[in-house]
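First the structure, in the form of structure tokens, and then the observations on it.
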Amino acid sequence: VGWFTDSMREGRPVAVETRHLIQETVPTPPEGSAPTAQAVVSQYACQRRTTTENNNKIFTDAFEVLAESYEFNEIEGPCLAFRRAASVLKSLSWAVQCLEATRNVPCLGEHTKAVMEEILRYGRSFEVEKILSDERYRTLKLFTSVFGVGPKTADKWYRGGLRSFSDVLGDRGIRLNRMQQSGFLHYGDISRAVSKAEARALRNIIDEAVHAITPDAVLALTGGFRRGKEFGHDVDFIVTTPELGKEKNLLPNIVLFSLHQRILLYCDYQASTFDMSKLPSYRFEAMDHFAKCFLIMRLEGSQVEGGLHLAEGDSRGWRAVRVDLVAPPMDRYAFALLGWSGSRQFERDLRRFARLERNMLLDNHALYDKTKKEFLAATTERDIFAHLGLEYIEPWQRNA
Ligand code: DCT
Ligand code: MG
């Protein structure tokens with residue numbers, strides 16, 4: 001999870017959740033509009049089914065640039081508005097061909113519609129093109145593509161007059177932390193997408209590591225690969241064991257095993273700070289309190305079915321891959337699995353739905369009913385959806 005690392009270190013929350021448009025009345029669409037436009041589309045991603053097939057990529061790519069530009073400028077309202085707009089368009093089974101067809105689609109504000117109008121008319125957005133050629137945007141985008149460098153650090157370097165990696169690496173005044181050093185060292189590999197086959201190979205390696213020591217351990221692939229994505233920026237796993245308390249040994253043991261196998265290129269282990277008695281948490285926190293590891297692992301081509309996903313002409317026979325491991329206690333497993341399966345927008349809306357529609361607090365640790373003043377138990381993701389009064393959404397339908 002590259003996107004939160006800097007915020008975590010700098011103590012800045014990643015997102016601010018604000019109440020948005022609620023579409024309650026549904027006008028009848030004009031004749032000839034997209035047929036499915038008549039269906040009510042929920043403003044909450046957790047009430048929509050979003051596969052990896054995106055019929056509105058021309059719009060959502062543009063919105064992502066705008067959102068990121070607002071994020072770099074720390075303007076959170078419009079940033080979130082564009083992320084929500086992108087998310088709702090991703091859920092549509094049809095391509096938007098005219099603005100009138102979106103009359104029953106929530107979360108599309110004035111600014112968003114103006115951008116869509118431009119794209120529909122000219123095939124591109126001038127506002128987006130201006131951002132893409134903006135020096136500050138381009139530099140921040142480049143710097144934040146390094147593992148361990150978030151928007152705050154990138155902006156500091158930019159304000160210091162730095163524009164390229166060689167500027168940063170040649171600046172005597174900059175002391176890179178260990179994470180950033182590894183980020184630069186393995187830049188080529190970890191900025192390259194990880195394939196599904198590579199994710200499966202890593203699963204086999206970690207499975208062997210964890211079961212060598214704890215035969216009854218449970219290992220689950222989460223993140224984008226659990227949602228059926230073909231490629232990801234990292235591979236996320238949850239690992240636990242039925243015996244409460246024993247999960248504490250899992251990550252240190254996997255790390256030791258990997259060290260022994262000489263496949264560990266970087267390791268940042270964070271012990272658990274989880275304390276059930278400190279819940280529920282009313283504060284929005286970017287990160288959960290479970291034990292976790294942010295790793296860079298060495299993956300051999302011989303372990304990957306069909307071979308490594310390398311650049312043409314690269315014949316090293318191995319590559320570096322970013323891997324995240326989380327180890328919650330078993331009684332928190334369903335919450336951790338739901339939280340780490342993403343997408344980020346799906347998670348945001350689950351929490352927002354819980355709070356605004358059910359008076360409940362949901363995070364990666366627990367679900368708390370503020371009306372009944374009690375925690376709601378869950379052993380599966382389905383239990384959590386049921387407590388929230390939501391239809392179950394399969395992981396592959398959570399690509400919001
Ligand atoms: N997550 C979370 N809390 C955080 C950070 C992440 O609950 N503070 C969840 C949301 C998504 C999931 O963890 C994995 O994060 P990423 O790896 O960043 O996202 P991804 O969906 O797996 O995307 P990618 O394919 O790019 O890795
Ligand atoms: Mg991931």
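Computed over segment 239-362, the convex hull of the alpha-carbon atoms projects to a mean area of 10.1 nm².
Span-like helix criteria (full DSSP H runs; alpha carbon extent of at least 24 Å along the helix axis; mean Kyte-Doolittle hydropathy of at least -1.0) are satisfied in the chain by 196-213. For the chain, a Gaussian network of Cα nodes joined below 10 Å ranks 146, 96, 194 by mean-square fluctuation, and the top entry is 96.
I need the trypsin sites (Lys or Arg not before Pro) found in segment 359-400, filtered to DSSP loop residues with at most 16 other beta carbons within 10 Å of theirs. Numbers along the way, then the final one.
Details: sites: 370, 372, 373, 382, 398; in loops: 370, 372, 373.
Passing sites in segment 359-400 are 370, 372, 373.
Tell me, which longest segment in the chain has none of the GluC sites (Glu not before Pro) that fall in DSSP loops with at most 16 further Cβ atoms within 10 Å?
On the way: sites that count: 17, 24, 31, 53, 74, 230, 243, 285, 305, 312, 391.
Formally, the longest exposed-site-free interval is 75-229.
Compactness of segment 32-152 is given as radius of gyration and Dmax, 15.2, 50 Å, from Cα positions. Seen from residue 79, the other residues with C-beta closer than 11 Å to its C-beta sum to a net charge of -3, counting Lys and Arg as +1 and Asp and Glu as -1.
Just checking the listed ones, 351, 172, 103: in the Gaussian network model of the chain with Cα springs under 10 Å, the one fluctuating most is 172. Within straight-line reach of residue 130, meaning a Cα separation under 22 Å, sit the following lysines at least 8 residues removed in sequence or on another chain: 57, 113, 141. With the helix formula -39500 (n - 2.57) applied to DSSP H stretches of n ≥ 4, the chain reaches a computed 222 nm mean residue ellipticity of -11500 deg cm²/dmol.
At most 13 other Cβ atoms within 10 Å and a DSSP loop assignment: could you name the chymotrypsin sites (Phe, Trp or Tyr not before Pro) in segment 55-117 that fit?
Working: sites: 59, 63, 70, 72, 82, 94; in loops: 94.
Listed in order of number, the matching sites are 94.
For residue 225, what is the net charge nearby, where nearby means another residue's Cβ is under 11 Å from its Cβ and Lys, Arg count +1, Asp, Glu -1? Residues close to residue 225 contribute a combined charge of +2. Taking every alpha-carbon pair under 8 Å whose residues sit at least 6 apart, segment 53-168 reaches a relative contact order of 23 percent. Restricting the calculation to Cα atoms, the chain shows an Rg/Rh of 0.97 when the hydrodynamic-style radius is the Kirkwood one. Can you tell me which of 296, 384, 174 moves the most in a GNM of the chain? Springs connect C-alpha atoms under 10 Å apart. Highest fluctuation of the listed residues: 174.
Need one number: % antiparallel among DSSP beta bridges in the chain, to the nearest 5. Rounded to the nearest five, the antiparallel share is 85 percent. Restricting the trypsin sites (Lys or Arg not before Pro) of segment 214-301 to loop positions (DSSP other than H, G, I, E, B) with no more than 14 neighbouring Cβ atoms within 10 Å leaves 262, 283.
Near residue 316, within a Cβ-to-Cβ distance under 15 Å, what is the net charge of the other residues, with Lys and Arg +1 and Asp and Glu -1?
Working: positive: 192, 298, 319; negative: 189, 198, 300, 312, 314.
Residues near residue 316 contribute -2 overall.
Taking a straight Cα-Cα cut-off under 19 Å and skipping sequence neighbours fewer than 8 places away in the same chain, the lysines within cross-link reach of residue 196 are 229. Spatial offset of segment 168-202 relative to segment 131-165 amounts to 15 Å, using the alpha carbon center of each. Relative to the globular-protein estimate of 2.2 N^0.38 Å, the Cα radius of gyration of segment 211-287 stands at 1.31.
We did not get these values from a lab; they are worked out from the coordinates using the rules stated. Being a predicted model, the structure only gives us computed values, none of them experimental. Neighbour counts run over all protein chains shown; Cβ positions are idealised from the backbone, glycine included.
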